Amino acid sequence: MTSERPDMSVQLGSLRLRNPVMTASGTFGFGVEYAECVDLERLGAVVIKAVTVEPRIGNRPPRIAETAAGMLNAIGLQNPGVDAVIAEKLPELASYDVPIIANLAGESVAEYVQLAERLTACGYVAALELNISCPNVSHGMMFSSSPELTGELVAAVRRVTDLPLITKLSPNVTDIVPMAVAAVEAGSDALSLINTLLGMSIDVARRRPMVGNITAGLSGPAIKPVALRCVWQVYEAVQVPLIGMGGIMDSHDALQFIMAGASAVAVGTASFVNPAASVEIIGGLEQYCCDHDLCGIGSLVGVAHS
Amino acid sequence: MTSERPDMSVQLGSLRLRNPVMTASGTFGFGVEYAECVDLERLGAVVIKAVTVEPRIGNRPPRIAETAAGMLNAIGLQNPGVDAVIAEKLPELASYDVPIIANLAGESVAEYVQLAERLTACGYVAALELNISCPNVSHGMMFSSSPELTGELVAAVRRVTDLPLITKLSPNVTDIVPMAVAAVEAGSDALSLINTLLGMSIDVARRRPMVGNITAGLSGPAIKPVALRCVWQVYEAVQVPLIGMGGIMDSHDALQFIMAGASAVAVGTASFVNPAASVEIIGGLEQYCCDHDLCGIGSLVGVAHS
Amino acid sequence: MVQEKCRLLSSEQVAPGHWVLRLAAPAIASFARAGQFVHVRIPTTYDPLLRRPISIMLPEARQGNLRLLTCAVGRGTRMLVETPIGTELDLLGPLGTAFPLPGGPELSEAKEVLLVAGGMGVAPLVFLADTLRGMDHHAYVRGLFGAATEDLLVSWTEFAARCDEFYVSTEDGSAGEQGRVTDTLVAQLERGQADVVYTCGPIAMMAQVAQMCHDAGVACYCSFEQRMGCGVGACLSCAVPAAGGGYVRVCRDGPVFAADRLDWEAILDDI
Amino acid sequence: MVQEKCRLLSSEQVAPGHWVLRLAAPAIASFARAGQFVHVRIPTTYDPLLRRPISIMLPEARQGNLRLLTCAVGRGTRMLVETPIGTELDLLGPLGTAFPLPGGPELSEAKEVLLVAGGMGVAPLVFLADTLRGMDHHAYVRGLFGAATEDLLVSWTEFAARCDEFYVSTEDGSAGEQGRVTDTLVAQLERGQADVVYTCGPIAMMAQVAQMCHDAGVACYCSFEQRMGCGVGACLSCAVPAAGGGYVRVCRDGPVFAADRLDWEAILDDI
Ligand SMILES: Cc1cc2nc3c(=O)[nH]c(=O)nc-3n(C[C@H](O)[C@H](O)[C@H](O)COP(=O)(O)OP(=O)(O)OC[C@H]3O[C@@H](n4cnc5c(N)ncnc54)[C@H](O)[C@@H]3O)c2cc1C
Ligand SMILES: Cc1cc2nc3c(=O)[nH]c(=O)nc-3n(C[C@H](O)[C@H](O)[C@H](O)COP(=O)(O)OP(=O)(O)OC[C@H]3O[C@@H](n4cnc5c(N)ncnc54)[C@H](O)[C@@H]3O)c2cc1C
Ligand SMILES: Cc1cc2nc3c(=O)[nH]c(=O)nc-3n(C[C@H](O)[C@H](O)[C@H](O)COP(=O)(O)O)c2cc1C
Ligand SMILES: Cc1cc2nc3c(=O)[nH]c(=O)nc-3n(C[C@H](O)[C@H](O)[C@H](O)COP(=O)(O)O)c2cc1C
Ligand code: FES
Ligand code: FES
């Protein structure tokens, strides 16, 4: 065809991505681990592993277990701490032409604020994602279980950064909508949905939990129906762009999220199964637009609601 | 071996089951549908489809969709109403030598009480399971999202029946433990964990939800990690026997639940995949006891906690 | 109904996307009646999880075999047609209702019958034609078979060989009359020779057949499809709207329904 | 590291539960060094979901093939060894660290080496023995191979053929010395001829080998196993306790580690 290529770009607050496909935090390291077999510059954005104020050594092994169409992980936010991340990890990733989104994990409002200030000032980062939904550390889900705390946290971070602010919510709540509304009202430019489901597995031979941390976060195709439901519910309640994730393996899955209301998607566990997944999804979405004569991917966002 | 067979029986309140394997409500109809290919008299108990006061025609189709290692359903409590169930369904099932557990779904405390009275009086039923966690009807999860309402409901039903009372909880809550504690304090003899997770799926070709009801309940192997985590958490908080369910496909899965703290298990979606699943699981558990020189299955309950 | 482990004996591609599978299923083959189906487990893993319902196209009762016509539309059916020969497949069946036969209580007077097949829908009608042919009081069987193109007239020789008269139509005119099978049906009904119409095919086609039979005052039975859980009537997953309100189960109350038992308007609304 | 579609050329059962798979993997075969592994996707569905790490037993660089020794312990490996010949498998590799070689910066003086294999652990050591044999400055290679019984001395001929001296032990005495491979190692270390020990096998065995080498003041490298997500160092799933605190990643910092880099006490606590 000689006609123009569809417009795949998407706007998250003041950040424009060339396409709606990013990596999910914690599943793509600091990007460079995959650089040998994934063309990072094709991606909409790279979301890096959670960063904390102090270095964290993480949880005791075993840290993962496979489940039916899913996996459990309890990494425990292992990372070298914000200073080392800025000094040692980001410069290399920043040498690629791809927006970097930092994922922040704190234990208090003050820690999130400190992280936001440091990461905003460093100059490498295009947007901040507040991880208030990590099921694998004590208090990891404290903020995401209360609209008041969520709002308070987002507002505090909002005051110290001009970067687009994304809040990442947990599905492990009775109702996700109030959390979403609180985050948006406090100034979140976008929402990431969802973090992992809290689960566990038992090693029958050893008669004890499979993962050292006992409970762990469930990800992968198994959780896709829950993630889609969260996107669907939140889309009906807020106006900001949603980043959908949870079990996205191919472009068909990505289209489900987009039709449910996601403006962008993140690819997590799929990268382990198929490192090329994110790039293949970009191609698949573009192809779908061409096949259906869409001038851009944006026109599909939320169409399943009508 | 000439030694005795292991003791597979389990006690739920005043009810003794010959083995810990029952069917999960809604997945085994009124038992007789499977009688041609499953020996009902081998089962620990048959839990029948939810019963309501008035007949219900159920939700519009399509009512199910397959997902990765799981399925969504939104049946919508279709049933002929408690009078017809007692008059037309239970007599046939009661002709088999297997305890019948009724699953009750009401819209108010008064309805649950009415159901409990009728089902207690009819004489066919060995125990009552309060379904306060159906995600597929409006208000279906109202009770299971609040410890106060759960306690109030259980207490009201407790006053009108001497039958063993089981409360079936939802995983779609921020913390399942307070619900479990409230149900037990109000007089529940046992707890069923878990009902389905709230999910959905999108039909990309038609650009609309896959299931007529839009959202639906996720069951099958996909949810097993979440179910195990709920059993694990509740086992540490209450003393009553737990009935574990959620993705149990074989005896290895059943052992995971027992080691996590379940005294009995229920087989749901697995019956669709393999009608012989429940009977095979009974055999598998017995074999495990023999292979490990256990005098009874009871000694395995909760062993993974130590 | 039994749960039977059935060895896959052969798998033959008969048209683009379509295969005929032959399975050793002595127990199921001995009970099966035309219109019934088997619920087939896809081997090996829990993804895909659920069984797939497939009509019985022909039981070879003597040899104890079943023939299934399978169209690879999605993951499950694709895995099924790619199953290596010799694999044991887990079948549940025979399930559901059969077509009521001429001479039976519902159709005691029927002498001339019309079988109206659309595409894949031919499968249960091959079995029905075979059954009718083998009956003592042989009804006169006219077979109508329509498809989009000649390619998709799957297994038409099997069907034609069992009918007394046989009519073919394709939408693109690549074989038989150009047009839809319902166009052929109009002419047949006008002749007024049909005592009963049996149909299986796409829902929109069956809805039209049902309407035409209703208007012509001819009894009509159709074989329906719906997504299934258990396949045995226990889970209420496979509901379709019934005439007069409420729902019937395709797996147990059907898949063969008297056309006037269904609420066609509601059914067409849902697709 | 590349992601390569690799045709399965052959699959040969070499012992109860053990198979040698041969795959066409020209890119991976050309880069691979002894100690590295491939991350293999189990075909078709999302259950099982994750890739399986398998050591490279021998790359046939000339033909562009890889040989993998696979033990069917669970669902994934069982599906792998049952994969029909001709199937294209998706491999990611070569991944991880290789054994440092005599003459290299870490082992510039090493002349005599010991390879200590336990059961399946033989796979990367076959590759290592092959590499050592092909080096200009050929070190003297002693191979020690232990298993529970003769049956489980999998691929021992491949290993023996590449060593200058070769010792076998089985726990039940069905072949070679009766006892554990570590008993043989005691004697070898006592002779004081080993400049470096390479080992792969069960964790408890490697822990003992590490301790013995430490006591004897001999350098020791071991190839480690841990459950993996990504296989490329991105997800931190495959952590094992490091000496001095914290964790190292088996997929990227290993699978080959200098034995004194690991916290063996903590590792033994976790199994
Ligand atoms: C009574 C009956 C008889 C049938 N007879 C035949 C036959 O003889 N030959 C044949 O090829 N097909 C037949 N079908 C249709 C066949 O069951 C579906 O094509 C098949 O289930 C699709 O599975 P999939 O994994 O390939 O597709 P997917 O779309 O991936 O399946 C997803 C889910 O939807 C269900 N589903 C999708 N389409 C249908 C459908 N049309 N009917 C019921 N469930 C569906 C699947 O079973 C599965 O649970 C029959 C269906 C019914 C109900
Ligand atoms: C660096 C490395 C090299 C290996 N080399 C070989 C080899 O050459 N030949 C061989 O047969 N096996 C090898 N293994 C072990 C092999 O990866 C496991 O036996 C396999 O993953 C088990 O998968 P399963 O589905 O059969 O078992 P399951 O127990 O069903 O697997 C469940 C999950 O646990 C993981 N898992 C289970 N056991 C292990 C293990 N020992 N190591 C890592 N993950 C595990 C699986 O990958 C999967 O994610 C190696 C492992 C590692 C880490
Ligand atoms: C190994 C692993 C590590 C993760 N680490 C983080 C993290 O550090 N921060 C975070 O916000 N989410 C983390 N997640 C959650 C993912 O970003 C994502 O929300 C979740 O896995 C669902 O997507 P998926 O099913 O595509 O993997 C992690 C997930 C996995 C599997
Ligand atoms: C089709 C279907 C219908 C169900 N109907 C009911 C019901 O009526 N009452 C109830 O308490 N649970 C119902 N459930 C939930 C199951 O009893 C069970 O809690 C859940 O499916 C998890 O178990 P599983 O994964 O083994 O299926 C239903 C589940 C399915 C799949
Ligand atoms: S599929 Fe279960 S009732 Fe029909
Ligand atoms: S498996 Fe992901 S870091 Fe090692």
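Shortest first and in nm to one decimal, what separations exist between B:Gly123 and its copies in the other chains, measuring from label points 7 Å along the Cα-to-beta-carbon line?
8.8
Average the reciprocal distances over every distinct pair of alpha-carbons in chain B, invert the result, and give the Kirkwood radius in Å. Walk me through the intermediate numbers first.
Numbers: mean 1/r = 0.0522 Å⁻¹.
Across chain B, the inverse of the average 1/r is 19.1 Å.
Any idea what log10 I(q)/I(0) is at q = 0.11, 0.12 Å⁻¹ for region A:1-147, Debye with uniform C-alpha scatterers and no solvent?
-0.46, -0.55
Taking the number of other C-beta atoms within 10 Å as the exposure measure, put D:Asp253, B:Asp291, A:Asp253, C:Asp151 in order starting with the fewest. Before the final figure, lay out each step's value.
Values: D:Asp253 19, B:Asp291 8, A:Asp253 26, C:Asp151 15.
So the residues, fewest neighbours to most, are B:Asp291, C:Asp151, D:Asp253, A:Asp253.
Could you calculate, for region B:165-215, the ratio of the Cα radius of gyration to the Kirkwood radius, expressed as Rg to Rh? Before the final figure, lay out the partial values.
On the way: Rg = 16.1 Å, Rh = 13.0 Å.
Computed over Cα atoms, the ratio is 1.23.
Distances from B:Asp250 to the same residue in each other copy, label points 7 Å out along Cα→Cβ, in nm, shortest first?
Label-point separations across copies, in nm and ascending: 2.6.
Going by a ≥ b ≥ c, the root eigenvalues of the Cα gyration tensor, does region C:127-197 fall in the rounded group (a/c under 1.5), the prolate group (a/b larger than b/c) or the oblate group?
Details: a/c = 3.13, a/b = 1.40, b/c = 2.24.
Verdict is oblate for region C:127-197.
What is the angle, in °, between the Cα long axis of helix D:181-191 and the longest principal axis of the Cα atoms in chain D? Nearest 10 is fine, range 0 to 90.
40
Using a cut-off of 18 Å between alpha-carbon atoms, which aspartates and glutamates can reach A:Lys224, once sequence neighbours fewer than 8 places away in the same chain are excluded?
A:Glu66, A:Asp175, A:Asp250, A:Asp253, B:Glu66, B:Asp203, C:Asp47, D:Asp47
Given bins 20 angstrom wide, list per bin the percent of all Cα-Cα distances in the protein assembly as shown, short to long.
11, 37, 36, 14, 1, 0
Please state the equivalent ellipsoid semi-axes for region B:8-56: what are the square roots of 5 times the Cα gyration tensor eigenvalues, largest first, in whole Å? List each step's numbers first, then the result.
Details: eigenvalues 93, 51, 9 Å².
Values for region B:8-56, descending: 22, 16, 7 Å.
Cross-link list A:Lys89/A:Lys168; A:Lys168/B:Lys168; B:Lys168/C:Lys5: which exceed 24 angstrom alpha carbon to alpha carbon? Walk me through the numbers before you get to the answer.
Numbers: A:Lys89/A:Lys168 22 Å; A:Lys168/B:Lys168 31 Å; B:Lys168/C:Lys5 36 Å.
From A:Lys89/A:Lys168; A:Lys168/B:Lys168; B:Lys168/C:Lys5, over 24 Å: A:Lys168/B:Lys168; B:Lys168/C:Lys5.
So what is Rg over Rh here for region C:112-270, counting just Cα atoms and using Kirkwood for Rh? Could you put the intermediate results ahead of the total?
Details: Rg = 15.5 Å, Rh = 15.9 Å.
Reported Rg/Rh, Kirkwood definition of Rh: 0.97.
Sorted from fewest to most neighbouring beta carbons within 10 Å, what does the list A:Met8, D:Met135 look like? Kindly include the intermediate steps, with their values, before the conclusion.
Details: A:Met8 18, D:Met135 11.
Ranked by crowding around the Cβ, least crowded first: D:Met135, A:Met8.
Given N residues in region C:2-95, what is Rg(Cα) / (2.2 N^0.38 Å)? Present the calculation step by step, with values, prior to reporting the outcome.
Numbers: Rg = 12.0 Å, N = 94, 2.2 N^0.38 = 12.4 Å.
Rg over 2.2 N^0.38 Å, computed on Cα atoms: 0.97.
Give me the orientation-averaged projected area of the Cα convex hull of region A:252-306, in nm², one decimal. Don't jump to the answer; show the numbers that get you there.
Values: hull surface 14.8 nm².
If I average the Cα hull's projected area over directions, I get 3.7 nm².
Would you list B:Lys89, B:Lys168 from fewest to most Cβ contacts within 10 Å? The partial results should precede the final answer.
Details: B:Lys89 21, B:Lys168 29.
Fewest-to-most ranking of B:Lys89, B:Lys168: B:Lys89, B:Lys168.
Inter-copy label distances at C:Pro84, 7 Å along the Cα→beta-carbon direction, one decimal in nm, shortest first?
Reported distances to equivalent positions: 0.8 nm.
Roughly how large, in nm² to one decimal, is the mean projection of the convex hull of the alpha-carbon atoms in region D:79-151?
Details: hull surface 29.6 nm².
For the Cα atoms of region D:79-151, the hull's average projected area reads 7.4 nm².
Separation of region B:230-253 and region C:1-42 by C-alpha centroid, Å?
Distance between centres, Cα-based: 38 Å.
I need the phi-derived Karplus couplings for region A:39-48: 6.51 cos²θ - 1.76 cosθ + 1.60, θ = phi - 60°, integer Hz, Gly and Pro marked x.
Ordered by residue, 3J(HN,Hα) equals 7, 4, 6, 7, 6, x, 6, 10, 9, 8 Hz.
Mind listing the long-range amide H neighbours of C:Lys111? Cut-off is under 5 Å, sequence gap 5 or more, other chains count too, H placed in the peptide plane at 1.01 Å from N.
Answer set, sorted by chain and number: C:Asp195.
One quarter of the convex hull surface, Cα atoms only: what value does that give for chain C in nm²?
On the way: hull surface 54.6 nm².
Approximately 13.7 nm², given one-decimal rounding.
Any read-out appearing in this document is the output of simple, stated calculations on the displayed coordinates, not a laboratory observation. Quick caveat: nothing in here was measured; it's all calculated off a predicted structure. Backbone-built Cβ (ideal geometry, glycine too); neighbour counts: all protein chains shown.
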